[in-house]
Amino acid sequence: GAVVSQHPSWVICKSGTSVKIECRSLDFQATTMFWYRQFPKQSLMLMATSNEGSKATYEQGVEKDKFLINHASLTLSTLTVTSAHPEDSSFYICSATPAAGLNTEAFFGQGTRLTVV
Amino acid sequence: DAKTTQPPSMDCAEGRAANLPCNHSTISGNEYVYWYRQIHSQGPQYIIHGLKNNETNEMASLIITEDRKSSTLILPHATLRDTAVYYCIVRPEHSGGYQKVTFGTGTKLQVIP
C-alpha cells in the first residue's frame, strides 16, 4: 500500500525554539495533506489542511502563525511549530491520499512525538 | 460527517473473534463506513470500509445492518498485536486525494493472552 513517512519520529526542543516536522508521500503524489495533533489519552484532532501550491486551511482555534505549514511539492508538506512551549508537546501526525484516481482511504505517517522542555 | 458512537473499551481473548460495534444512526445515503485503528504511539492504519454490503479483506470483516444505522467490525482471530484503539468513521467517498478524516473517541480493544 501507499506509504507516508514523517521525520523526525521524535524530537525534544527547548522552550522558545522552532521545530520542523516533515511529511512525505513516498510512492504517490498528494495535492492535499492533513496535519493532526494528539494529546495523551485523547483522539486525533485535525489542525490544518495543507494544499500544494497554496495556503493551508486551519481549523478553528489553531494559530496559523504558530503552526506554519508549507506544501511546496506534491510529495512533501512541512509543519513548523514556532516558539514552542511545553503545552505544544504532543504527538503530531500527517495523512495523505494519492491525488490520482478514486482512492478511498487515507494513509497516515507514523507520527512525531514532540517534547518541549 | 455523521456522528458515530462506540463503546469506550472492550476485552477479547487471544485467538477469539473480536466484534467491535458502531452506531451511526444519522448516516446519509452517500456516506461510507470506514474503520481505522491506532496502535499505541503509531499513526492510524486503515482497516476496511463499506457502503451497504458486507465487506471482507485480509484484516477484518465489516458487517453493516440493512438500515445502515449500525455496523460491526470483526477481527476473526484476535492476536496480541491487535490491541489498539479502533475508530469507526462515516463520510462520503472523495476523489482527487481529498480524504480528511474526523476521528471520534474510538474503542480501546485489549486482547488478553
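Here are a few things to note about the model shown:
- Of all the numbered requirements in (1) β-branched (Val, Ile, Thr); (2) surrounded by 13 or more Cβ atoms within 10 Å (Cβ to Cβ); (3) part of a strand (DSSP E or B); (4) away from every other protein chain (no Cβ under 12 Å), A:Val62 misses one, and that requirement is (3).
- Residue count for the range B:9-36, restricted to those that are at negative phi, more than 13 Å from the chain's Cα centre (by Cα) and touching a residue at least 12 places away in the same chain (Cβ under 8 Å): 14
- Selected residue (criterion: modelled with the highest pLDDT) from residues of the range B:1-40 that are assigned to a strand (DSSP E or B) and among the acidic types (Asp, Glu): B:Asp11
- Candidates are the residues of the range B:50-87 that are part of a helix (DSSP H, G or I) and loosely packed, with under 13 Cβ neighbours inside 10 Å; the one that is farthest from the chain's Cα centre (by Cα) is B:Leu80.
- Candidate set: the range A:67-117, residues that are part of a strand (DSSP E or B), small (Gly, Ala, Ser) and within 15 Å of A:Thr32 (Cβ to Cβ); chosen: the one farthest from the other protein chains (Cβ to nearest Cβ): A:Ala72
- Elements of type strands (runs of 3 or more DSSP E) in the range A:1-41, at least 1 residues being touching a Lys or Arg at 6+ places or on another chain (Cβ under 7 Å): A:4-7, A:10-13, A:32-38
- Scan the range A:17-50 for residues that are within 11 Å of chain B (Cβ to nearest Cβ), within 10 Å of A:Ala96 (Cβ to Cβ) and of a type outside the set (Ser, Thr, Tyr) and the total you get is 6.
The values are calculated or read from the model by the stated rules, or taken from the named source; none is laboratory data. Predicted model, so just to flag it, every value in this text is computed and none were measured. Backbone-built Cβ (ideal geometry, glycine too); neighbour counts: all protein chains shown.
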